Amino acid sequence: MNLNNSMRVYHRYLGFFLAGIMAVYAISGIILIFRDTDFLKVEKKVEKELKPNLEAEELGKALRIRELKVTGTEGAIVSFEQGTYNKETGIAVYSTKELPLVLNKMTQLHKANTKQPLFFLNILFGLSLFFFVVSSFWMFLPGTDVFKKGLYFAAAGLVIALVLIFIK
């Protein structure tokens with residue numbers, strides 16, 4: 001079997017093997033675009049015991065709420081947009097908006113870093129996608145019209161990606 005046929009076979013079967021994970025990455029990537037909105041998120045009530053007498057900045061860090069703004073104080077109860085905090089008991093009752101479990105797990109897979117065991121899967125997937133890029137040039141014989149047009153499309157895709165990367 002020559003190199004062209006080998007690349008086509010590897011490309012085909014790796015493509016079939018990775019079809020499911022490519023779907024997961026595609027869906028989670030689209031969902032991550034909307035991570036700063038409430039798209040597909042559901043509200044969840046949370047009750048958390050914290051240290052008493054926290055200031056607004058400390059409260060925001062403890063609850064992992066960015067830019068927490070106190071909207072009012074009545075006695076020991078501090079109100080903020082998402083809920084309340086009792087300065088005497090340290091009890092915070094608030095609501096968060098999260099993706100449903102399956103979508104949340106999918107996006108966590110997409111965002112895995114070196115501190116998580118899933119990062120090996122991300123590396124494997126990235127290398128597999130790079131193999132698809134390289135092996136696609138063996139799908140058609142060099143010198144044919146289809147191959148030449150493919151090179152033009154590949155160049156256009158690269159230029160568009162670079163332009164989009166550098167536009168602010």
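What follows is calculated from the coordinates using simple rules that are stated; it is not laboratory data. Everything numeric here is computed off the predicted structure, so don't read it as measured data. A quick note on method: Cβ atoms are made from the backbone with ideal geometry, for glycine too, and the neighbour counts reach across all protein chains shown.
Treating r as the C-beta distance of R8 and D38 and R0 as 41 Å, the FRET efficiency rounds to 0.35.
Dividing the mean sequence gap of close Cα pairs (under 8 Å, 6+ apart) by how many residues region 69-123 holds gives a relative contact order of 16 percent. Only alpha carbons enter this Debye calculation for region 73-113, each as an equal point scatterer, and the log10 of I(q)/I(0) it gives at q = 0.24 Å⁻¹ is -0.73. Look at M7, M106 and count the other Cβ atoms within 10 Å of each Cβ; fewest to most, that gives M7, M106.
Normalised Debye scattering of the chain at q = 0.14, 0.18 Å⁻¹ gives log10 I(q)/I(0) of -0.92, -1.19, counting only Cα atoms as equal scatterers and leaving out solvent.
Straight Cα distances below 20 angstrom link K45 to the lysines K61, K69, K87, K97, K105, with same-chain residues fewer than 8 positions distant left out.
A Förster radius of 30 Å, combined with the Cβ-Cβ distance separating A112 from F17, puts the computed FRET efficiency at roughly 0.95.
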